[in-house]
Amino acid sequence: MPSAPLLTTPAELNHALSTARAAWQAAPYPSCAERRARLAALRAALQGHAGALAAAVSADFGQRSADETRMAELFPTLLAIDHARRHLRRWMRPQRRGVSPWFWPARAQVLPQPLGVVGVIVPWNYPLYLALGPLVDALTAGNRVLIKMSEYTPRTAAAVATLLAEALPGGEAQVALGEVALAQAFASLPFDHLLFTGSTAVGREVMRLASAQLTPVTLELGGKSPVLIAPGHDVARAAACIAQGKLLNAGQTCVAPDYVLLPRGARAEFVRAFAQAVAASYPTLADNPDYTSIIHPRHWQRLHDGLAEARAAGAQTHACVGPDSEAALAAARKIAPHLLWDAPADCQLLREEIFGPILPLVEYEDWPAALAYVNARPRPLALYLFDHDRQRVQAVLRQTIAGGVVVNDTLLHVVQDGLPFGGVGASGMGQYHGHDGFLTFSKLKPVLYQSRWNAMPWLRPPYGRLARWLQALMLR
């Protein structure tokens with residue numbers, strides 16, 4: 001795949017934004033046919049370069065499952081494109097709104113209008129889906145886009161830039177790559193909207209920089225997404241689902257299960273079932289192409305330090321290592337799946353988002369205590385509930401707040417284009433995906449059409465008897 005240029009300096013960013021804004025102003029309302037054609041071209045290019053994209057992601061990680069890239073990044077992007085193309089004409093249609101009888105026969109509507117130029121800051125963990133998913137929504141809404149890729153994924157950034165140059169030769173999307181200074185310059189640009197996906201700490205800084213330009217932001221952050229296993233639920237079955245969700249991308253997923261609340265006395269059964277699920281899916285780890293490496297030595301060390309701190313504080317751990325040695329895992333920059341319990345609440349692994357294949361277990365005495373544990377902590381990006389009691393499920397949905405919920409599975413709400421995706425509180429603000437993404441990247445412009453014959457002339461000064469009689473009726 002021939003290479004395409006990347007934006008790598010603040011001067012290039014400023015020029016790209018100016019060029020994109022001028023191009024958008026020359027054609028500020030792309031037709032439905034134009035938008036659908038852009039999405040179709042993106043789809044075709046994505047399919048044509050699927051292998052090269054998966055190889056680029058794997059090279060950036062050190063080793064990343066090509067199957068996981070296809071399932072967790074390429075497939076949901078194609079789904080999003082198909083969903084948008086299917087529904088776009090209806091989404092673009094002006095929405096009729098009611099008018100107060102006092103102003104009849106005027107009529108009102110809301111017109112979805114493109115914002116202009118959208119910025120997207122992409123993390124390293126799902127560099128394709130978290131770049132192309134927002135791009136799909138922004139293109140659907142009729143915008144142009146600048147994308148800032150993570151410095152941890154330079155090969156993927158180059159592959160995405162080449163893909164977009166082929167699919168969108170009109171420059172509707174451009175790609176930037178650089179470290180912290182470039183990210184700060186990017187967040188400081190006067191975009192018409194900025195979407196950031198990443199950590200809560202960095203999200204605060206992005207919001208601070210964007211505020212200087214009064215740029216509206218959507219923040220998709222993370223946090224500690226809990227799993228609740230209800231009393232009486234099949235623990236072994238839940239453990240198998242949780243293992244699948246936790247170990248996708250080696251736990252480097254913003255909506256990965258971060259800790260499990262389970263009934264007192266169920267821990268041994270959960271550990272046994274989780275270990276069996278790991279052994280069945282990953283009989284080996286170090287040389288297994290299905291088990292992903294940790295993205296960077298710094299993150300690998302952070303996870304090891306977290307385990308060491310918890311053990312030193314009295315925590316118990318179970319490592320699902322199999323036949324692999326610590327040396328082989330370290331050479332592949334991989335960490336075996338670990339279960340952890342009896343850890344103090346103030347240790348790193350219970351205090352911060354883990355972002356790796358480590359899963360703390362917390363036993364609860366009764367169901368109200370489990371809900372209280374969740375509600376005492378910052379609002380998570382996702383909550384996973386394993387329960388077949390419909391009444392109890394509805395009670396949990398009402399009594400807890402989370403960005404999204406899956407009942408009796410994990411992760412799957414993210415790839416439903418009929419559902420909005422977004423956090424709440426410390427896990428983010430705003431939402432996108434599907435129609436909600438179209439709305440996020442549109443200005444819903446209210447329009448009132450006054451009738452030729454209307455009552456407003458009767459309410460102009462000088463106010464006389466007729467105006468005061470109408471005022472008396474209005475204030476009744």
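Values for this structure:
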{"quantity": "Amide H contacts under 5 Å for L7, placed H, 5+ residues apart", "calculated": "V175, A176, L177"}
{"quantity": "Set of aspartates and glutamates near K148 by C-alpha distance (under 18 Å), chain-local residues within fewer than 8 positions excluded", "calculated": "E12, D60, E73, D137, E172, E179, D192, E205, E220"}
{"quantity": "Simple spin-label estimate for R351 and N408 in nanometres, 7 Å along Cα-Cβ", "calculated": "3.9"}
{"quantity": "Rg over Rh, two decimals, the stretch 237-308 (C-alpha only, Kirkwood Rh)", "calculated": "0.98"}
{"quantity": "Helical mean residue ellipticity (222 nm; -39500 (n - 2.57) per DSSP H run of 4+; nearest 500) of the chain", "calculated": "-13000 deg cm²/dmol"}
{"quantity": "Anisotropy class of the chain from Cα gyration tensor, a/c 1.5 cut", "calculated": "oblate"}
{"quantity": "Rounded Å value of the spacing that divides the Cα centres of the stretch 98-152 and the stretch 294-363", "calculated": "38"}
{"quantity": "Beta bridges per DSSP with both ends in the chain, % antiparallel, nearest 5", "calculated": "35"}
{"quantity": "Solution diffusion estimate, µm²/s, Stokes-Einstein, the stretch 79-166, Kirkwood Rh from C-alpha pairs, 4 °C, viscosity 1.567 mPa s", "calculated": "84"}
{"quantity": "Note, ³J(HN,Hα) from phi for the stretch 333-345, Karplus 6.51, -1.76, 1.60, rounded to Hz, x at Gly and Pro", "calculated": "6, 10, 10, 5, x, 10, 9, 9, 8, 6, 8, x, 5"}
{"quantity": "Prolate/oblate/rounded label for the stretch 277-337 (Cα gyration tensor, a/c 1.5)", "calculated": "oblate"}
{"quantity": "Rounded percent of accessible protein surface that carbon and sulfur make up, the stretch 375-416, 1.4 Å probe", "calculated": "48"}
{"quantity": "Segments 84-95, 433-444 sorted - mean Cβ within 10 Å per residue, highest first", "calculated": "433-444, 84-95"}
{"quantity": "Relative contact order of the chain, pairs being alpha-carbon contacts under 8 Å that are 6 or more residues apart, as %", "calculated": "19"}
{"quantity": "Residue (of M149, W102, A159) at the positive-pole extreme of the stretch 84-162, dipole from beta-carbon charges", "calculated": "W102"}
{"quantity": "For the stretch 267-311: rounded, prolate or oblate by the Cα gyration tensor [a/c cutoff 1.5]", "calculated": "oblate"}
{"quantity": "Peptide ranges 191-200, 9-18 listed from the most packed, as the mean C-beta count within 10 angstrom indicates", "calculated": "191-200, 9-18"}
{"quantity": "Estimated vicinal HN-Hα couplings, Hz - the stretch 401-409 in sequence order (Karplus 6.51, -1.76, 1.60; Gly, Pro = x)", "calculated": "10, 8, x, x, 9, 10, 9, 6, 5"}
{"quantity": "Peptide ranges 351-362, 417-428, 205-216 listed from the most packed, as the mean C-beta count within 10 angstrom indicates", "calculated": "351-362, 417-428, 205-216"}
{"quantity": "Given charges at Cβ of Lys, Arg, Asp, Glu: the chain dipole, positive-most of G314, S58, A256", "calculated": "A256"}
{"quantity": "Charge tally in the Cβ shell below 11 Å around A369, where Lys, Arg are +1 and Asp, Glu are -1, A369 excluded", "calculated": "-2"}
{"quantity": "Placed amide H near T197: partners under 5 Å, 5+ positions off or other chain", "calculated": "I121, E220"}
{"quantity": "Lys, Arg +1 and Asp, Glu -1 on Cβ, resulting dipole of the chain about Cα centre, debye, nearest 20", "calculated": "2940"}
{"quantity": "Difference of contour (0.36 nm per residue) and Cα-Cα distance, A27 to A308", "calculated": "95.4 nm"}
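The values are calculated or read from the model by the stated rules, or taken from the named source; none is laboratory data. Keep in mind that what you see is a predicted model, and the values were worked out from it rather than measured. Virtual Cβ from ideal backbone geometry, glycine too; neighbours counted across all protein chains shown. Accessible surface areas use protein heavy atoms only, side chains included; no ligands, DNA or RNA. Shrake-Rupley method; radii C 1.70, N 1.55, O 1.52, S 1.80 Å.
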